[in-house]
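Structure first, then comments.
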Amino acid sequence: MRLRTIPGSSGRVRPLRLLGDPALSGPCEDVTAFDGELAALIEDMYATMYAAGGVGLAANQIGVPLRVFVHDCPDDEDRRHLGHIVNPRLVEADGPVVRGPEGCLSVPGIEAGTPRHDHAVVEGLSVTGEPVTVTGTGFFARCLQHECDHLEGGLYLDRLTGLRRRRALRAAARAPWAPGAGRA
């Protein structure tokens, strides 16, 4: 018997901010009010993430400059990790650096091999202000690092170098969602 609602079921899908939007390029502010507005934001974030087919979403990806992210992400053993973190801080990123496929809802349709540590620990708070610690390995560690990067104003593209970076940026410039795309 399910005692809780499905995350996002009461939320509304918000428009995603895409590469080039200023909302994605600056550090986010700490959350100071743990209230109904924060709970509604988190519900909207889940709804938006699920509608877009993602495994994580940071608040600035929907234009809200607050330090919050949601996730519903498997690890390498296919264990599901579902949750949210308010005012997250990446406190550990260690283990081997693995170059693996990474994409982003704010850079739709473009994926690149991105180096990330295989283990990550994030500390923060719950929607009610209770302390939480989330540990991830493999793909889930990649997700945690990716979402923390967003809240600092970064994208996975910033971690690319050389040919991988040039190819990804060229693909983004040609994407149908890119500013000026489809104009003669």
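Below is a table of values for the structure above.
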read-out: Placed amide H near Arg17: partners under 5 Å, 5+ positions off or other chain; value: Ile62, Gly63
read-out: For the chain, share of DSSP beta bridges that run antiparallel, in % to the nearest 5; value: 95
read-out: In Å², nearest 10: area of Leu41 left accessible to a 1.4 Å probe; value: 10
read-out: Rounded, prolate or oblate (a/c below 1.5 giving rounded, otherwise prolate when a/b exceeds b/c) for segment 11-51 by Cα gyration tensor; value: oblate
read-out: No Cys partner within the rule (Cβ under 4.7 Å), the chain; value: Cys28, Cys104, Cys148
read-out: Glu43, Glu130, reordered so the largest accessible area comes first (probe 1.4 Å); value: Glu130, Glu43
read-out: Thr161 - accessible surface, heavy atoms, 1.4 Å probe, Å² rounded to 10; value: 100
read-out: Amide H partners (placed H, <5 Å) of Glu92, local residues excluded; value: Val121
read-out: Accessible area in the full protein assembly, largest first, 1.4 Å probe, for Tyr156, Tyr50; value: Tyr50, Tyr156
read-out: Whole-Hz couplings from phi, Karplus 6.51/-1.76/1.60, listed for segment 108-113; x for Gly and Pro; value: x, x, 10, 10, 8, x
read-out: Accessible-area order (highest first, 1.4 angstrom probe) of the listed residues Ser9, Ser126; value: Ser9, Ser126
read-out: Karplus (6.51, -1.76, 1.60) ³J(HN,Hα), θ = phi - 60°, over segment 18-23, in Hz, Gly and Pro reported as x; value: 10, 2, x, 6, x, 4
read-out: Rounded percent of accessible protein surface that carbon and sulfur make up, segment 122-171, 1.4 Å probe; value: 50
read-out: Helix-only [θ]222 nm of the chain, DSSP H runs n ≥ 4, -39500 (n - 2.57) each, per residue, nearest 500; value: -8000 deg cm²/dmol
read-out: Glu29 - accessible surface, heavy atoms, 1.4 Å probe, Å² rounded to 10; value: 120
read-out: Dipole of the chain, positive end: most advanced residue of Gly8, His71, Pro22 [Cβ charges, Cα centre]; value: Pro22
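The values are calculated or read from the model by the stated rules, or taken from the named source; none is laboratory data. Here the structure is a predicted model, which means the values were calculated and not measured. Neighbour counts run over all protein chains shown; Cβ positions are idealised from the backbone, glycine included. In case anyone asks, the SASA skips ligands and DNA or RNA and just uses the protein heavy atoms, side chains included. Shrake-Rupley method; radii C 1.70, N 1.55, O 1.52, S 1.80 Å.
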